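The values are calculated or read from the model by the stated rules, or taken from the named source; none is laboratory data. All values reported here derive from a predicted model rather than from experimental measurement. Neighbour counts are summed over all protein chains in view; Cβ atoms, including those assigned to glycine, are modelled from backbone coordinates with ideal geometry. Just so you know, the surface numbers come from the protein's heavy atoms only, side chains and all, with ligands and any DNA or RNA stripped out. Shrake-Rupley method; radii C 1.70, N 1.55, O 1.52, S 1.80 Å.
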Amino acid sequence: MVTAITMFTDSFWLSSFSVFSNYHTFTTPPKLLSPVSLCANPTARSRQCFSLVSVNKTSGTELWPFKCPQPPNRSLIQCNCVDTVISLHWEKGILFSVFREIGLNEKETKLLLDKNPTLRSTSLNRIRARLLALQSVGINGFGLYRLVIKCASVLIAEEIDSVISFVRDELEGKVKSAQLERLFITTDARFLLGFDHKVKLLIRHEVPREKIAHVLNNVNLNKAICCKSVEEIERTINFLKPYHGIEIIVRRPSVLNYDLDSQLIPKIQFLEELSGGDANATGTVLRKLPAILSYSLEHMEGHVDFMRLYVGLSDREIFKIILVFPNVISASKERKLRPRIEFLKQCGLNSNDIFKFLTRAPLFVALSFEDNLAHKFGFLVKIGYEYRTKEFAAALGAVTRTSCENMQKVIGLFLSYGLSYEDIFHMSKKHPQILQYNPSSLEEKMEYLTKDMGRDVSELLTFPAFLGYKLDDRIKHRYEVKKKTAGTGMSLNKLLSESANRFSTRKKAESLVND
């Protein structure tokens, strides 16, 4: 029995799948083979011959030329399309399987392919290779799923290859996967070209190689690297260098996000003019607080104008305060600066006094009133200070650097040694720092004073500065040296306040006399 099947465009799907469904049983997935024409003579004129399939149940399937006039308005289809169509269907199934492995369901995959038709014509090997490359730099799991959903071009853009290989091989994969995700999502692929050269430029300008990953993890890679030319990056680095620029970049990498001409230059020039042209001092401010560059020029000008007009300070004085405590720029002008300055004025301080206070106790403008200052106010009043006086302001300045808990422990320690609130008040007036010392260190010195030296704790009322000297290096050493010649009743003031050079000279002289 012989059956002839002719294949035309209007019957292609039925006839092609009929032949293969009856006589080709695939036990393994079909491969993309070289096309095999069912036409015996593919070079013959189309109107002279087309394929005939002879199906013989005993001898199998044979192909031979069969001459027949071609029906009008019909096109000849070569049957090598059958293998290709089935392979494409199979490959499409594999593609769905690949996307399913990274978390996409069938609906999401169809939507992705509809929005990105180029993916349909991209080989599976290429897609698989890109997915593996992304995983090699830490983009896995939900991160990979999210990246593919938001930016399917990440699977086909050739520009991404150089970024991935550079991060993986030269930076040892230390750039955070979240940073790379943001980079690929927010950056047009064409701007990824040259990424490696721009990063190497930072290294050539002495950003330590061991710090380069830290820098890249803390910048907007799109703004700082990709969308800036090599020339722009180099100009920024060269401008910052006189102001300790490399250290600033390492400490605050986001500085690289800023535009040089519209942001960095105006702010730094403003600070330098305020300093009287001192580039080194300006660099010190930037090194202490690189985040000062995150504030707008208008914000910085507003704070300086406030200090000029409300406090009555000169530009040099204002800069000196900023140099000591750059965070004064970050303090809220209305919520912190104005009420704090008003309080100091109520304590009787004039402009010069306020300047000295702020250079010695700049934290006063930054501390919380409810959680910090209010408690310290209470302690000072309790030991005898009169509220809103110069003495009160001086004591408050002395305790800005200590915690309320530490201050309470210090006062409790003095009371446990028999001293009264009045005694503590008199000691702190002479030596305000005693209220901020470490309680454990104070206790060791008071123990040594009363037990080893055999002195009365009341001697601290006349010389509270005793508690500020180092126990081993100064107090014990000098006491052991001097008691051999002066006995144990020597003055604490004379024993400790004498300079090291003079003490050493006197020690040698006394040694020669004794010899």
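Are any of the residues in the range 305-323 surrounded by 14 or more Cβ atoms within 10 Å (Cβ to Cβ) and under 22 Å from T402 (Cβ atoms)?
Yes: one or more hits.
How many of the residues in the range 153-165 are over 23 Å from K200 (Cβ atoms) and open to solvent by less than 10 Å² (accessible area, probe 1.4 Å)? Steps first, please.
Going through the range 153-165, the residues over 23 Å from K200 (Cβ atoms) turn out to be 153-156.
Those still in the list that are open to solvent by less than 10 Å² (accessible area, probe 1.4 Å) too: 154-155.
Count: 2.
All but one of (1) loosely packed, with under 14 Cβ neighbours inside 10 Å; (2) aliphatic (A, V, I, L, M); (3) over 26 Å from F195 (Cα atoms) hold for A129; which doesn't?
(3)
Mind checking which residues of the range 171-192 are in a helix (DSSP H, G or I) and buried (at least 16 other Cβ atoms within 10 Å of the Cβ)? Break it down into steps so the answer makes sense when it comes.
The first filter runs over the range 171-192 and keeps only residues in a helix (DSSP H, G or I), leaving 177-186, 189-192.
Of everything in the range 171-192, those that are in a helix (DSSP H, G or I) and buried (at least 16 other Cβ atoms within 10 Å of the Cβ) turn out to be S177, Q179, L180, E181, L183, F184, T186, A189, F191, L192.
Checking the structure you have, find out if any residue of the range 484-491 is open to solvent by 60 Å² or more (accessible area, probe 1.4 Å) and at pLDDT 80 or above.
Initial filter on the range 484-491 (open to solvent by 60 Å² or more (accessible area, probe 1.4 Å)): 484-485, 488-489.
Now narrow it down to the ones that are at pLDDT 80 or above: none.
No, because not a single residue in the range 484-491 is open to solvent by 60 Å² or more (accessible area, probe 1.4 Å) and at pLDDT 80 or above.
Which pairs turn up if I take residues in the range 168-191 that are assigned by the TED database to the domain that holds V154 and within 26 Å of P208 (Cβ to Cβ) and look for partners that are of a type in the set (S, T, Y) and surrounded by 15 or more Cβ atoms within 10 Å (Cβ to Cβ) with beta carbon separation below 8 Å, at least 6 apart in sequence or on another chain?
R168/S136; G173/S136
Tally the residues that are closer than 20 Å to D315 by Cβ and of a type in the set (D, E), restricting the search to the range 333-369.
1
Could you grab me the full set of residues in the range 132-145 that are surrounded by 15 or more Cβ atoms within 10 Å (Cβ to Cβ) and either small (G, A, S) or in a helix (DSSP H, G or I) (or both)? Reasoning before the result, please.
Of the residues in the range 132-145, the ones surrounded by 15 or more Cβ atoms within 10 Å (Cβ to Cβ) are 133-139, 143-145.
Result: A133, L134, Q135, S136, G138, G143, L144, Y145.
Examine the range 334-345 for a residue that is over 30 Å from K429 (Cβ atoms) and within 35 Å of the chain's Cα centre (by Cα), and state whether such a residue exists. Write out each step before concluding.
Looking only at the range 334-345, we keep the residues that are over 30 Å from K429 (Cβ atoms), and these are 334-335.
Adding the requirement that they be within 35 Å of the chain's Cα centre (by Cα) leaves 334-335.
Yes, the range 334-345 contains a residue that is over 30 Å from K429 (Cβ atoms) and within 35 Å of the chain's Cα centre (by Cα).
Against the definition (touching an Asp or Glu at 6+ places or on another chain (Cβ under 8 Å) and modelled with pLDDT under 90), how does R506 come out, yes or no?
On the way: touching an Asp or Glu at 6+ places or on another chain (Cβ under 8 Å): yes; modelled with pLDDT under 90: yes.
Considered against the rule, which asks whether it is touching an Asp or Glu at 6+ places or on another chain (Cβ under 8 Å) and modelled with pLDDT under 90, R506 comes out as yes.
Find the residue count for the range 376-418, including only residues that are touching a Cys at 6+ places or on another chain (Cβ under 8 Å), under 22 Å from V457 (Cβ atoms) and surrounded by fewer than 17 Cβ atoms within 10 Å (Cβ to Cβ). Before you say what the answer is, go through the steps one by one.
From the range 376-418, those touching a Cys at 6+ places or on another chain (Cβ under 8 Å) are 376, 379, 388-390, 392-393; that's our starting set.
In the following step, the residues that additionally are under 22 Å from V457 (Cβ atoms) were identified as 379.
Remaining after also requiring surrounded by fewer than 17 Cβ atoms within 10 Å (Cβ to Cβ): none.
Of the residues in that region, 0 qualify.
Here are the criteria: (1) open to solvent by 20 Å² or more (accessible area, probe 1.4 Å); (2) at pLDDT below 95; (3) assigned to a helix (DSSP H, G or I). Tell me which single one R168 does not satisfy.
If we test R168 against (1) open to solvent by 20 Å² or more (accessible area, probe 1.4 Å); (2) at pLDDT below 95; (3) assigned to a helix (DSSP H, G or I), just (2) comes out false.
Give the residues of the range 447-470 that are under 20 Å from V481 (Cα atoms) and hydroxyl-bearing (S, T, Y), sorted by residue number.
Y448, T450, Y469
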